[in-house]
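Peer 1: Take this structure, written in structure tokens, and hold onto it; I'll ask about it next.
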Amino acid sequence: MAHTPETPPAADRSREELLRVLLDTATDITALRDVDAVLQTIVRRTRAIVGTDMAYFALTDVEAGVTAIRYTDGVATQAYRTLRQPLGTGVLGEVARGLAPFQSSDYLADAALVHVPEIDEIVRAEGVHAIMGVPLTVAGRVMGALVVAERRPRVFAPQEVSLVDSLGTIAAVALDNSMRFEAANRLAEDLVRQQQRSASELALITQVLELDDRLMDAVMVTPDVGRVLGIGQGVLACDLWLRDPDGGVLSATTTDPAPDDAPGSVAVTAAGERLGVLAAGRALDAPAQALLERVAVHVALALLFARAEEDADLRLQSEVLDDLLERTDVPRERLERRLQRWGLQPGEPLWSVVIEAPDTDRRRRLQVVRALGTRSVMMAAHHDHLCLVTADPDWERRLRPVFTAHGWRLRAGLGGPTSDVRRLGDAHRRAELALGSLATLGRDGVLDGAELGLLGALLDLAHRGDLPQSLTSAIDPLREYDRTRDADLTRTAYVYLETDGNVARVAELLHLHRNTVRQRLERIGALLGPGWDVSPRRLETHLALRVLEAEGRS
């Protein structure tokens, strides 16, 4: 049976008793604020009051066109507990449309209903026969349905339908109140979270502004990256490392090595240029990350200010180098006075060093060499290389490990020493010639221009315009041939003599096949005549080629 002696069916109970039950139910449900608790109480109380095998509550999704059972009491199968019924089908689908109560005394045998085969199988498995439900509406809005069912055929009396309908009305109002209460709670919680977030954001903004003031003072007083990092360290309570674009450490707040995978980091950029990466020694939450980003902005400013000062200093050094190397009318006293700015004292021995530096990383190499802090040195980019004027005899020992650490090959020419600043131009030309010789032969290292011997003296004559034209006339046929035929016999002859007639080495340096080199040598011999590459003509030809190569006229 669907009911017990302690709970008589609704049809057997007096009107006064039913009204009292409804009032008690309304009082109990209205006191609840949790939606789940409201729905579960409604289902349980409805089954007990009506005295049926089961009761359940379904919520309607009008836009999706379905109603889904959400809360049940007395239902045995999981499939029935989670049943989804299209609107307009079955008893539940009819009721959930919100039009009126609806019932069927024997669901599976009721041909007046629109059946869904899959749902019929679920109903059959649950053993349901009689179903009766009422819609739940508030202010014309369909919310769902309250349904009771029996595992035997049965016709529900009008009094029972009215009772369930009254329970449904109470349930709809209680559900609407609970949903409104939950919505109000969510709104209140959102407002509290928003207020807390606003307070946190205000605190962060205040902290950022205070940090900006301190950082700006540090940058404007002196563009010192280390000082900026020190301020950031104090605010973030962790060490900071500034890496350059190559991964090397430019500055840090500690002598400890930078972690390979920093927990927090931010790129340091300016005008689209990546200047480096600022890494923190601990994981950062969102506010701390925002502070790190502000530190990174001021690090970029400090780097740009330092670069501007560096550029101004380099321009000045470049001007002084031009006076030293290319002008003969500048008084010695003025040159010595200008060199004192970089610690180069009058009368001390000076060397001119010419360092190979490709266009792609010339500035970077210049920065790295300047960062060594080598005493008594002036340097700048000069033509296609870096030029150093230094009084430090240990410059190579200081420079070589730095180049090695960066994966750069050290290729340099050396001229000097000289204690007369007016002779630095001559020392520089010998250094350039030495570098050119290393480049031609594909060799690394440092070559002293003094090792060039007679060639150095000839270049001095050429620079002063006193070199006899007859000294280079011997190779005029090669130069004319190259000019008219866009060939390269002159350079081939130069490299051939520089490598002591090593055809394989010539082919390697000029990126030619050995047979091509031999063919060129045959053409050179035809133009210059037999014996051009053996003594005594070999020396004459070699010197002429070296002079032209050094002057860039080959």
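Peer 1: Select from segment 66-110 the residues that are among the β-branched types (V, I, T) and part of a helix (DSSP H, G or I) and write down the one among them that is modelled with the highest pLDDT.
Peer 2: The residue in question is V91.
Peer 1: Would you point out the residue of segment 328-351, among those that are charged (D, E, K, R) and surrounded by 11 or more Cβ atoms within 10 Å (Cβ to Cβ), that is modelled with the highest pLDDT?
Peer 2: E348
Peer 1: Which residues, counting only those in segment 37-52, are farther than 18 Å from R81 by Cα and not small (G, A, S)?
Peer 2: Within segment 37-52, I49, V50 meet the criteria.
Peer 1: Which numbered condition trips up L325, out of (1) modelled with pLDDT under 80; (2) within 38 Å of the chain's Cα centre (by Cα); (3) among the hydrophobic types (A, V, I, L, M, F, W, C)?
Peer 2: Going through the list (1) modelled with pLDDT under 80; (2) within 38 Å of the chain's Cα centre (by Cα); (3) among the hydrophobic types (A, V, I, L, M, F, W, C), L325 breaks only (2).
Peer 1: Is at least one residue of segment 500-511 acidic (D, E), modelled with pLDDT under 85 and surrounded by 14 or more Cβ atoms within 10 Å (Cβ to Cβ)?
Peer 2: no
Peer 1: Go through segment 111-153 and report how many residues are outside any strand (DSSP E or B) and in contact (Cβ under 8 Å) with a residue 12 or more places away in the chain.
Peer 2: Residues flagged as outside any strand (DSSP E or B) and in contact (Cβ under 8 Å) with a residue 12 or more places away in the chain within segment 111-153 amount to 17.
Peer 1: When you go through A130, A139, A112 one by one, which is the residue that is more than 58 Å from the chain's Cα centre (by Cα) and surrounded by fewer than 17 Cβ atoms within 10 Å (Cβ to Cβ)?
Peer 2: Criteria check complete, one pass: A112.
Peer 1: Separate question: Just to verify a result, which residue in segment 240-281, among those that are farther than 20 Å from A306 by Cβ and in a strand (DSSP E or B), is modelled with the highest pLDDT?
Peer 2: Here the answer is A280.
Peer 1: Right, next: Does any residue in segment 481-497 that is without any contact (Cβ under 8 Å) to a residue 24 or more places away in the chain and not assigned by TED's automatic domain parsing to the domain that holds S437 come within less than 8 Å, Cβ to Cβ, of a residue that is surrounded by 14 or more Cβ atoms within 10 Å (Cβ to Cβ) and in a loop (DSSP other than H, G, I, E, B) six or more places away or on a different chain, and which pairs are these?
Peer 2: D482/D488
Peer 1: Answer yes or no: is there a residue in segment 465-473 that is at pLDDT below 85, outside any loop (DSSP other than H, G, I, E, B) and not small (G, A, S).
Peer 2: yes
Peer 1: R514 passes all but one of (1) at pLDDT 85 or above; (2) within 23 Å of G436 (Cα to Cα); which number fails?
Peer 2: All conditions are met except number (2).
Peer 1: Moving on. Is it true that some residue in segment 66-87 is of a type outside the set (F, W, Y), buried (at least 23 other Cβ atoms within 10 Å of the Cβ) and more than 21 Å from Q40 (Cα to Cα)?
Peer 2: No, segment 66-87 contains no residue that is of a type outside the set (F, W, Y), buried (at least 23 other Cβ atoms within 10 Å of the Cβ) and more than 21 Å from Q40 (Cα to Cα).
Residue-wise test of (1) farther than 19 Å from H115 by Cα; (2) in contact (Cβ under 8 Å) with a residue 60 or more places away in the chain; (3) not aliphatic (A, V, I, L, M).
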position	(1), (2), (3)
V38	yes, yes, no
A55	yes, yes, no
D61	yes, no, yes
A68	no, no, no
Q78	yes, no, yes
R97	no, no, yes
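The values are calculated or read from the model by the stated rules, or taken from the named source; none is laboratory data. A quick note: this is a predicted structure, and the numbers were derived from the prediction, not measured. Neighbour counts run over all protein chains shown; Cβ positions are idealised from the backbone, glycine included.
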